[in-house]
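Asker: One structure is given below, represented as structure tokens, and several questions about it will come after.
The values are calculated or read from the model by the stated rules, or taken from the named source; none is laboratory data. Owing to the predicted nature of the structure, the values given are computational and were not obtained by experimental measurement. Neighbour counts run over all protein chains shown; Cβ positions are idealised from the backbone, glycine included. Side chains are part of the model used for accessible areas, which takes the heavy atoms of the whole protein and leaves out ligands, DNA and RNA. Shrake-Rupley method; radii C 1.70, N 1.55, O 1.52, S 1.80 Å.
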Amino acid sequence: MSLSTLRARLKALAVLNYDLFRHPDMAPPAPATLYTRIAVDAATVLDRVPPVAEPDQRVVLPSESELYRLYDEYNWLYFGGKLPAARIEYSTRMTSAGSFSKGEKLIRIGRRYHELFPEEVADTLKHEMLHFLHPTHGAAFKKDAARIGATVRAKAHPSLCRPPRYVYACPGCGKLYPRQKRLRMASCGECSRSGFDRRFKLRLVRPGVFKDANGPA
Ligand SMILES: [Zn+2]
Ligand SMILES: [Zn+2]
């Protein structure tokens with residue numbers, strides 16, 4: 001029952017009680033007697049109904065110590081315990097699922113991504129662990145990912161869109177091309193007739209303004 005329905009019913013109930021007690025056979029009620037009290041009570045009962053608790057929407061992700069425990073488990077389960085000790089931490093800033101730095105032996109798990117896809121935390125951890133053995137997402141990575149049940153690509157979500165690192169413009173029509181990566185030999189798709197056309201070679205208008213500290217996952 002919605003709050004407005006409940007409110008309407010209680011109001012109706014208040015009137016009803018009052019009318020019952022105002023039955024012609026009964027003596028008219030004195031003010032602030034039982035009759036009026038019931039009516040007043042019914043009308044104000046809403047103020048005493050505790051507000052309906054919102055279901056807790058906050059996603060609880062595994063703690064960092066749980067991530068360390070998982071790391072050890074996967075290390076023994078899938079890598080014969082051969083991976084070195086790593087640092088694991090959540091990143092609140094990163095929009096990607098995870099990142100890996102071999103030099104620092106550091107795995108970062110993206111909090112924003114996993115608040116959307118909490119069921120993927122273990123998968124991301126496995127993915128990043130694979131980077132100890134495979135720096136890129138090449139064939140060897142994919143084969144190993146299939147072996148241990150890790151995905152290669154993270155999901156996309158509108159709220160995870162990053163601002164472009166580079167913005168290119170066509171010198172012909174002025175169309176803008178926001179990109180995450182640098183373009184080398186690219187010309188405007190609208191103006192170029194067949195393939196690359198140097199007259200419409202895209203020019204960098206905003207170089208690396210949005211560069212952040214997070215490398216690719
Ligand atoms: Zn153009
Ligand atoms: Zn990766």
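Asker: Could you tell me how many of the residues in the range 103-134 are without any contact (Cβ under 8 Å) to a residue 60 or more places away in the chain and either within 16 Å of ligand 1 (Cβ to nearest atom) or of a type in the set (Val, Ile, Thr) (or both)?
Answerer: Looking only at that region, the number is 3.
Asker: Quick one: in the range 149-181, of everything that is hydroxyl-bearing (Ser, Thr, Tyr) and open to solvent by 50 Å² or more (accessible area, probe 1.4 Å), which residue is farthest from ligand 1 (Cβ to nearest atom)?
Answerer: In the first step, residues of the range 149-181 are kept if they are hydroxyl-bearing (Ser, Thr, Tyr); the result is 151, 159, 166, 168, 177.
Going one step further and asking which of them are open to solvent by 50 Å² or more (accessible area, probe 1.4 Å), we end up with 151, 159.
Details: Thr151: 37, Ser159: 31 Å.
Per the stated criteria, the residue is Thr151.
Asker: Does Phe141 satisfy the criteria of being of a type in the set (Phe, Trp, Tyr) and touching a residue at least 24 places away in the same chain (Cβ under 8 Å)? Show your work before the answer.
Answerer: Working: of a type in the set (Phe, Trp, Tyr): yes; touching a residue at least 24 places away in the same chain (Cβ under 8 Å): no.
So Phe141 fails the test.
Asker: In the range 39-80, what residues are at pLDDT 95 or above and loosely packed, with under 10 Cβ neighbours inside 10 Å?
Answerer: Ser65, Gly80
Asker: Tally up the residues in the range 56-108 that are in contact with a strand residue (DSSP E or B) (Cβ under 8 Å, 6 or more places away or on another chain) and part of a loop (DSSP other than H, G, I, E, B), please.
Answerer: Matching residues across the range 56-108 total 8.
Asker: Given Ala186, Ala156, which one is without any contact (Cβ under 8 Å) to a residue 24 or more places away in the chain, more than 16 Å from ligand 2 (Cβ to nearest atom) and within 30 Å of Ala97 (Cα to Cα)?
Answerer: Ala186
Asker: If you don't mind, another one. It is to be established whether one or more residues within the range 133-147 are assigned to a loop (DSSP other than H, G, I, E, B), surrounded by 14 or more Cβ atoms within 10 Å (Cβ to Cβ), within 14 Å of ligand 2 (Cβ to nearest atom) and of a type in the set (A, V, I, L, M).
Answerer: If we filter the range 133-147 for residues that are assigned to a loop (DSSP other than H, G, I, E, B), which is where we start, we get 133-138.
Narrowing the set further to residues that are surrounded by 14 or more Cβ atoms within 10 Å (Cβ to Cβ) leaves 134, 137.
Checking the rest, the ones that are also within 14 Å of ligand 2 (Cβ to nearest atom) come to 134, 137.
From what's left, of a type in the set (A, V, I, L, M): none.
Looking for residues that are assigned to a loop (DSSP other than H, G, I, E, B), surrounded by 14 or more Cβ atoms within 10 Å (Cβ to Cβ), within 14 Å of ligand 2 (Cβ to nearest atom) and of a type in the set (A, V, I, L, M), one finds none in the range 133-147, hence no.
Asker: Mind checking which residues of the range 135-148 are touching a Phe, Trp or Tyr at 6+ places or on another chain (Cβ under 9 Å) and either within 16 Å of ligand 1 (Cβ to nearest atom) or modelled with pLDDT under 95 (or both)?
Answerer: Initial filter on the range 135-148 (touching a Phe, Trp or Tyr at 6+ places or on another chain (Cβ under 9 Å)): 135, 144, 147-148.
Matches in the range 135-148: Pro135 only.
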